[in-house]
């Protein structure tokens, strides 16, 4: 990382010592250079100011380094293959049977887009029955809603979870992926891929169909896309606060009561692997 060192010299009298021009310097720890380092020294009427300025790319890199943890919550009905998808992504191994007595938290370090992030994946189990669903929704930064293409009931449960996420989390504040599992069992399919695509477009989330039993490529692609979206949302600068005018208040009221509520949602990525 490069920082530019500049000299600003105000001469009241002729200096009795030489000033050497500083070249570009390389720093390995940008956190220590987050603020401007200003060193002023007065000697015999000479004011010497050394300022280390960060370039725009350096500021962007600093902001990326602060986003070093992403919390992912995996939701879905029992026997939809949530744990199989998570373990397949983390270890590239497939295990068919899992214990459904409680939640499991996995910690994983992943590198993408030139940065390393600490990822915590919470594999939930019967959270609606145990009454901890609301806590999980508040805890997570990103959400993977899993259903089985062989069981329509799990697909309907996934739709309810997406609706709950939309009501609980503010729009565009959480990364969400709809994940259809067990696509290798084509003979037992009850939910078509087009239905998953329509549901994802309805809630504005990503959609993937994968098979945890066949390959780890689909799970890896889906999770990497989810993590990339979560990281992009975290890197967005907060919108500046502004005073509510009469026009903005009327616009908010119109939005609440349904005026101009029909908006065109941006099409999200969908893929079957």
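None of the figures in this text is laboratory data; all of them are computed from the coordinates on show. Values in this document were obtained by computation on a predicted structure and should not be read as measured data. Here the Cβ positions follow ideal geometry from the backbone for every residue, glycine too, while neighbour counts run over all protein chains shown.
Give me the number: length gained by fully extending residue 69 to residue 135, i.e. 0.36 nm times residue separation minus the C-alpha to C-alpha distance, one decimal in nm. Don't skip to the answer; put the middle values down first.
Values: separation 66, 0.36 × 66 = 23.76 nm, distance 1.83 nm.
Extending this stretch completely gives an extra 21.9 nm.
Only Cα sites of the stretch 67-237 enter the Debye sum here, all with the same form factor; the resulting log10 I(q)/I(0) across q = 0.10, 0.20 1/Å is -0.33, -1.47, listed in q order. Exposure proxy shown here: for 70, 95, 176, the number of other Cβ atoms within 10 Å sets the order, fewest to most, as 95, 70, 176. Compared with the direct C-alpha span, the chain from residue 168 to residue 103 gains 21.3 nm at full extension, assuming 0.36 nm per residue.
When peptides 142-152, 197-207, 76-86 are sorted by average Cβ neighbour count within 10 Å, with the highest value leading, the order is 142-152, 76-86, 197-207.
How much length, in nm to one decimal, is gained on full extension between residue 233 and residue 184, taken as 0.36 nm per residue of separation minus their Cα-Cα distance?
Result: 14.4 nm gained on full extension.
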